[in-house]
1. Just name the residue that is modelled with the highest pLDDT out of those in segment 153-173 that are of a type in the set (A, V, I, L, M, F, W, C) and assigned to a loop (DSSP other than H, G, I, E, B).
2. Could you list all residues from segment 65-122 that are acidic (Asp, Glu) and closer than 17 Å to Ser34 by Cα?
3. Note down all Cβ pairs under 8 Å where the first residue falls in segment 83-102 and is on the phi < 0 side of the Ramachandran plot, the second is assigned to a loop (DSSP other than H, G, I, E, B) and of a type in the set (Asp, Glu), and they're at least six residues apart or on different chains.
4. So the check is Cβ under 6 Å with 6+ separation or different chains; which pairs have a first residue in segment 37-58 that's over 21 Å from Val140 (Cβ atoms) and a second one that's charged (D, E, K, R) and in a strand (DSSP E or B)?
5. Just to be sure I understand the filter: pairs with C-beta atoms under 6 Å, separated by 6 or more residues or on different chains, first member in segment 128-152 and assigned to a strand (DSSP E or B), second member of a type in the set (D, E, K, R). Which pairs pass?
6. Restricting the first residue to segment 166-181 and requiring it to be among the basic types (Lys, Arg), which pairs with a second residue that is assigned to a strand (DSSP E or B) meet a Cβ separation below 8 Å and a spacing of at least six or different chains?
Amino acid sequence: MKYIGIILLAWLSIQNQASQDLYACKNVKIDLFSSAPIEDIKASTTSGTSVYNAATGDIAFSVAISSFQFAKSRMQEHFNENYMESDKYPRASFKGKVQERIDITKNGTYPITVTGNLDVHGVIRPRTIQGTVTIANGAVSMASEFMVKCVDHKIDIPQLVFKNIAESIKMNVSATYTAAK
């Protein structure tokens, strides 16, 4: 896990060697929610990593699929083995760019649009995701809610359990960054 964060920081450092505007988060919170007729499915993790270059807008996220925790151990087992195949596709990631220029010296909450590539289940898809950036006394936080369609990432849902799992999964992502050293 630590190595992914180092790789992400190195990637952003290369993007703008002169920038002192690098921020990192080692405990990105990600919640997933699937509403289906038979049962709602919820899981969360605080093991995501992210780096943000405020000067260029470059941003990257990474999370280990197996780090998601479910209320029911059976759901977690099925999620990792049958759907996400976390042994074959251990991570999900996003690499992109915040489209708006955010002045990180001014407190406030600002809407943002992030464009980039979402890699889930070994399938990379271009995405445009809406979110917010909150600046509070030098602290930088980001949050977003978006949907991921299982079919877009070739996540198969067997007919037997089709009513148990929604075709789209709601994702909530939040990160509070500190200046990278």
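The values are calculated or read from the model by the stated rules, or taken from the named source; none is laboratory data. Just so we're clear, the structure is a prediction, and the values are computed from it rather than from any experiment. Backbone-built Cβ (ideal geometry, glycine too); neighbour counts: all protein chains shown.
1. Within segment 153-173, the match that is modelled with the highest pLDDT is Ile155.
2. Correct list: Glu77 only.
3. From residues that are on the phi < 0 side of the Ramachandran plot, the pairs are Tyr83/Asp156.
4. Short answer, once both residue conditions are applied: Ser44/Asp31.
5. As it stands, the answer is Met147/Lys170, since those pairs meet every condition given.
6. Within 8 Å, the pairs are Lys170/Leu32; Lys170/Phe33; Lys170/Ser34; Lys170/Glu145; Lys170/Phe146; Lys170/Met147.
Residue-by-condition table, conditions (1) out of contact with any helix residue (DSSP H, G or I) (no Cβ under 8 Å at 6 or more places or on another chain); (2) surrounded by fewer than 17 Cβ atoms within 10 Å (Cβ to Cβ):
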{"position": "Pro37", "(1), (2)": "yes, yes"}
{"position": "Ser44", "(1), (2)": "yes, yes"}
{"position": "Thr49", "(1), (2)": "no, no"}
{"position": "Asp58", "(1), (2)": "no, no"}
{"position": "Ser67", "(1), (2)": "yes, no"}
{"position": "Arg74", "(1), (2)": "yes, yes"}
{"position": "Phe94", "(1), (2)": "yes, no"}
{"position": "Thr105", "(1), (2)": "yes, yes"}
{"position": "Thr113", "(1), (2)": "yes, yes"}
